[in-house]
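In what follows, a single structure is set out as structure tokens and then discussed.
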Amino acid sequence: MPTPAEASVTPAPTSAPAAGWHWPANARVLVVDDNLINQTVAAKLLQRQGLQVALANDGSQAVQEVMHTPFNLILMDLQMPVMDGLQATRTIRTLPNGAEVPIVALTANVFEDDRRRCVEAGMNDFLAKPVSPNLLYATLARWMGATPH
């Protein structure tokens, strides 16, 4: 498991992003999930859109990443070891780089109580796993100010 200093940002692919959205230049998304498969799937979907992706394995690593790097958006799982997504969100909201960044829950927890807890923790939106690429992109576009093309 990499430390926050070892966690790397995957550069955006050099090919043109998939049709549909025009993202802000050099847009960076932090994917926070303890499951390597979920991280890989999310990263590939985001990279297809020309977005730069950083990965964190738990909420504690996410906090460290946000302390050192500004992000345009954070996709946050809820249930993780070390620090869960709700506590990570509360902590990120106290940081200069985290006060305004959109945080979207991306979780298998789909009950209304889960949604309420996400909002109370400071998350901006909620997506249920597995998420369709189109819904993921539309949600990111809403919070990142992307425009259709």
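The values are calculated or read from the model by the stated rules, or taken from the named source; none is laboratory data. Only a predicted model underlies this, so the values are computations on that prediction, with no experimental measurement involved. So basically every Cβ, Gly included, is an ideal-geometry build from the backbone, and we count neighbours across all protein chains shown.
Would you confirm whether or not segment 114-130 contains a residue that is more than 14 Å from the chain's Cα centre (by Cα) and acidic (D, E)?
Within segment 114-130, one or more residues are more than 14 Å from the chain's Cα centre (by Cα) and acidic (D, E).
Answer yes if at least one residue in segment 111-125 is within 30 Å of G20 (Cα to Cα), touching a His at 6+ places or on another chain (Cβ under 8 Å) and not in a helix (DSSP H, G or I), and no otherwise. Break it down into steps so the answer makes sense when it comes.
Taking segment 111-125 first, the residues within 30 Å of G20 (Cα to Cα) are 115, 118-119, 122-125.
Then keep just the ones that are touching a His at 6+ places or on another chain (Cβ under 8 Å); that gives none.
Scanning segment 111-125, I find no residue that is within 30 Å of G20 (Cα to Cα), touching a His at 6+ places or on another chain (Cβ under 8 Å) and not in a helix (DSSP H, G or I), so the answer is no.
Going through segment 46-62 one residue at a time, which ones are part of a helix (DSSP H, G or I), over 11 Å from the mean Cα position of the chain (by Cα) and either of a type in the set (S, T, N, Q) or crowded, with 22+ Cβ neighbours inside 10 Å (or both)? Show your work before the answer.
Pass one, segment 46-62, residues part of a helix (DSSP H, G or I): 46-48, 59-62.
Adding the requirement that they be over 11 Å from the mean Cα position of the chain (by Cα) leaves 47-48, 59-61.
Matches in segment 46-62: Q47, G59, S60, Q61.
Could you grab the pairs with beta carbons closer than 7 Å, sequence gap of 6+ or different chains, first residue in segment 47-60 and closer than 20 Å to L86 by Cβ, second one at pLDDT below 95 and of a type in the set (V, I, T)?
Between residues of segment 47-60 that are closer than 20 Å to L86 by Cβ and residues that are at pLDDT below 95 and of a type in the set (V, I, T), the close pairs are D58/V82; G59/V82; S60/V82.
Could you please give the count of residues in segment 21-43 that are more than 13 Å from the chain's Cα centre (by Cα) and either of a type in the set (A, V, I, L, M) or assigned to a helix (DSSP H, G or I) (or both)? Give the steps one after another, and end with the answer.
Narrowing segment 21-43 to residues more than 13 Å from the chain's Cα centre (by Cα): 21-26, 35-37.
Narrowing further to those that are either of a type in the set (A, V, I, L, M) or assigned to a helix (DSSP H, G or I) (or both): 25, 36-37.
Residues flagged as more than 13 Å from the chain's Cα centre (by Cα) and either of a type in the set (A, V, I, L, M) or assigned to a helix (DSSP H, G or I) (or both) within segment 21-43 amount to 3.
For segment 78-109, enumerate the residues that are crowded, with 17+ Cβ neighbours inside 10 Å, polar (S, T, N, Q) and modelled with pLDDT of 90 or more.
T89, T91, listed by residue number.
Checking V29 against (1) under 19 Å from A121 (Cα atoms); (2) touching a helix residue (DSSP H, G or I) at 6+ places or on another chain (Cβ under 6 Å), only one condition comes out false. Which one?
Of everything listed in (1) under 19 Å from A121 (Cα atoms); (2) touching a helix residue (DSSP H, G or I) at 6+ places or on another chain (Cβ under 6 Å), V29 misses just condition (1).
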